[in-house]
1. Filter the range 21-36 down to residues that are loosely packed, with under 11 Cβ neighbours inside 10 Å and of a type in the set (Val, Ile, Thr) and give me whichever is nearest to the chain's Cα centre (by Cα).
2. Give the residue, chosen from Arg135, Arg155, that is touching a residue at least 12 places away in the same chain (Cβ under 8 Å) and crowded, with 18+ Cβ neighbours inside 10 Å.
3. List every residue pair whose Cβ atoms lie under 7 Å apart, where the two residues are 6 or more positions apart in sequence or sit on different chains, the first residue falls within the range 74-87 and is on the phi > 0 side of the Ramachandran plot, and the second residue, located anywhere, is within 6 Å of the ligand (Cβ to nearest atom) and of a type in the set (Gly, Ala, Ser).
4. Does Ile237 satisfy the condition of being within 12 Å of the ligand (Cβ to nearest atom), open to solvent by 40 Å² or more (accessible area, probe 1.4 Å) and out of contact with any Cys (no Cβ under 7 Å at 6 or more places or on another chain)?
5. Looking at the range 248-267, I want the residues that are on the phi < 0 side of the Ramachandran plot and have a partner that is within 8 Å of the ligand (Cβ to nearest atom) and assigned to a loop (DSSP other than H, G, I, E, B) with Cβ atoms under 6 Å, at least 6 apart or on another chain. Which pairs are those?
6. Output the number of residues of the range 113-132 satisfying the condition of being part of a helix (DSSP H, G or I) and open to solvent by 90 Å² or more (accessible area, probe 1.4 Å).
7. Output the qualifying pairs, or none if there are none: Cβ atoms under 7 angstrom, residues six or more apart or on different chains, first residue in the range 161-181 and without any contact (Cβ under 8 Å) to a residue 24 or more places away in the chain, second residue near the ligand (Cβ under 8 Å from one of its atoms) and not in a helix (DSSP H, G or I).
8. In the range 182-225, what count of residues is obtained for those that are over 26 Å from His138 (Cβ atoms) and touching a residue at least 60 places away in the same chain (Cβ under 8 Å)?
Amino acid sequence: MSLERKDEHDHGEWMKEKDLTPVETTFLTALIWMDQRFRIVDYLEILETLYYRVNMQMPKSHTEQYNLDNKFWYWYPLYALGSFSTIAYGVAALSGALLGFYYAPGTVSASGDASLAYNQLSFIMTELNFGFMLRSIHRWAAQVMVAAVFLHMIRVYFTGAYKEPRELNWLLGIILISLTMVFGYSGYLLTWDQLAFWASQIGVEMSLSIPLIGEWVAQLVFGGFSPGAATLQRMYIMHVFLLPFVVTTLVAVHIAIVWIQGIAEPH
Ligand code: HEM
């Protein structure tokens, strides 16, 4: 199929005839320029068709099926918990990206009094303008996310929304709640104070207690058999690089599946 459009050269004339405003002309010229290169109009049409097809497949909602237009089911507010988790995740991601400008994952500092990581956090809390606020927003968002995800899972369980055909989204949810906890744990270690140090010691020992592969897991996740610079480095990369990509992708897939299957309404 040729990429060139038959009507490629008629646009200028057509726009002149239409007596468009400068804003409209600029918008259309830009759109046509992009379309001639990337065929965006075709792809938008494909997306539109897909959208309507998917919506046609959606099951009727409970309110539609039983004609309950004006009824309010008192469990409905709990259906917001998934969106609440998503918003908390967004806030944590945004505030975390900003904290990243000031944080450094070092276990030693030039003065030798505390770790570089801890000193950077002291700087954020005491000297950086609104730094204490930024860090508090990040910590609160993280804790709210863990609570919201947990309550969301309880809601899904007690409304039976995990049943056929939503089994896979439930399993994806199990992965998401696990990764949310890994997010929390890796972030907790980033302060590299006494709490973080001993929490990582507990993590190392828990890994070592796994039969057969324990030592391998401790090496892989904590960079050794006792907490140190390698531990902090690994937690840092997990927290700011690996997990954000993986969790963002999985949340998008999770929500896409809800969109495709429709929400499970109570029966
Ligand atoms: C990062 C964590 C999560 C996010 C951001 C998230 C987000 C969402 C959102 C926005 C919805 C739409 C309906 C609603 O809000 O209740 C939803 C539905 C659903 N979620 Fe999650 N979720 C997460 C974790 C989980 C977990 C831990 C489970 C269970 C193990 C789970 C299982 C489900 C199921 C089965 C549905 C479909 C429910 C229905 O159709 O009524 N999700 N999720």
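The values are calculated or read from the model by the stated rules, or taken from the named source; none is laboratory data. Note that this is a predicted model, so its numbers are computed, not measured. We place every Cβ from the backbone using ideal geometry, glycine too, and count neighbours over all the protein chains shown. To get the accessible areas, we keep the full protein, side chains included, count just its heavy atoms, and leave off ligands, DNA and RNA. Shrake-Rupley method; radii C 1.70, N 1.55, O 1.52, S 1.80 Å.
1. Just the residues of the range 21-36 that are loosely packed, with under 11 Cβ neighbours inside 10 Å, to begin with: 21-23, 30.
Still in the running and of a type in the set (Val, Ile, Thr): 21, 23.
On the way: Thr21: 41, Val23: 36 Å.
Restricting to residues being loosely packed, with under 11 Cβ neighbours inside 10 Å and of a type in the set (Val, Ile, Thr), the top hit is Val23.
2. None of the other options fit; the residue is Arg135.
3. none
4. It is false that Ile237 is within 12 Å of the ligand (Cβ to nearest atom), open to solvent by 40 Å² or more (accessible area, probe 1.4 Å) and out of contact with any Cys (no Cβ under 7 Å at 6 or more places or on another chain).
5. The qualifying pairs are Ala264/Ala161; Pro266/Thr159.
6. Here the count works out to 3.
7. Trp170/Tyr162
8. Within the range 182-225, the first condition is being over 26 Å from His138 (Cβ atoms), and the residues that meet it are 205, 207-220, 224-225.
Filter once more, keeping what is touching a residue at least 60 places away in the same chain (Cβ under 8 Å): none.
So the answer is 0.
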